[in-house]
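A short worksheet on the structure shown next.
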């Protein structure tokens, strides 16, 4: 008898709202929707924001569909397609955040950072860019780690049950 899986409607609604927001910001980034306000950076930055919202919403939708709380991993019996979608969403979300941080650190133009120390002007910009650069490097490493782990999860061999001891084992 097949088990009937219940869905978490609250997570499904939250995920759908985040996906819709992500689609809107991606459309803004592609110049197909009006900007909500002035974008303080290149237009593609809105696409990164949209990607983060969209991917985050997809992750919430998967958890809502499978009725899995945040504190748990996806169940072993979860469909492989949903595991792949979850993995792609995690990697996309990390890449969107890393891209935005990379632009702040290495993109052209001036940046204005406010610091709790009496540091201003170009020194504050250098310190702020260095901090964002360090964060961007860490973000890209995390993105690569999630991509690697997810690829092994999705494309790796399924763990099979251990074979029973038999007389054919070598000593």
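What to note about this one:
- Taken as a whole, the range 112-121 holds no residue that is in contact (Cβ under 8 Å) with a residue 12 or more places away in the chain and buried (at least 18 other Cβ atoms within 10 Å of the Cβ).
- Residue identified as surrounded by fewer than 20 Cβ atoms within 10 Å (Cβ to Cβ) and assigned to a helix (DSSP H, G or I) among 61, 51, 32, 12: 12
- Matching entry among 29, 107, 50, 96 (being over 19 Å from residue 144 (Cβ atoms), in contact (Cβ under 8 Å) with a residue 24 or more places away in the chain and in contact with a helix residue (DSSP H, G or I) (Cβ under 8 Å, 6 or more places away or on another chain)): 50
- Flag if residue 41 is closer than 16 Å to residue 94 by Cβ and either outside any helix (DSSP H, G or I) or free of Cβ contacts under 8 Å to residues at least 60 places away in the same chain (or both): no
- Considering residues of the range 64-90 that are in a helix (DSSP H, G or I) and free of Cβ contacts under 8 Å to residues at least 24 places away in the same chain only, the residue farthest from residue 10 (Cα to Cα): 81
Any read-out appearing in this document is the output of simple, stated calculations on the displayed coordinates, not a laboratory observation. It should be emphasised that the depicted structure is a prediction, and the values quoted were computed from it without experimental measurement. Here the Cβ is made from the backbone with ideal geometry for all residues, glycine too, and neighbour counts use every protein chain on show.
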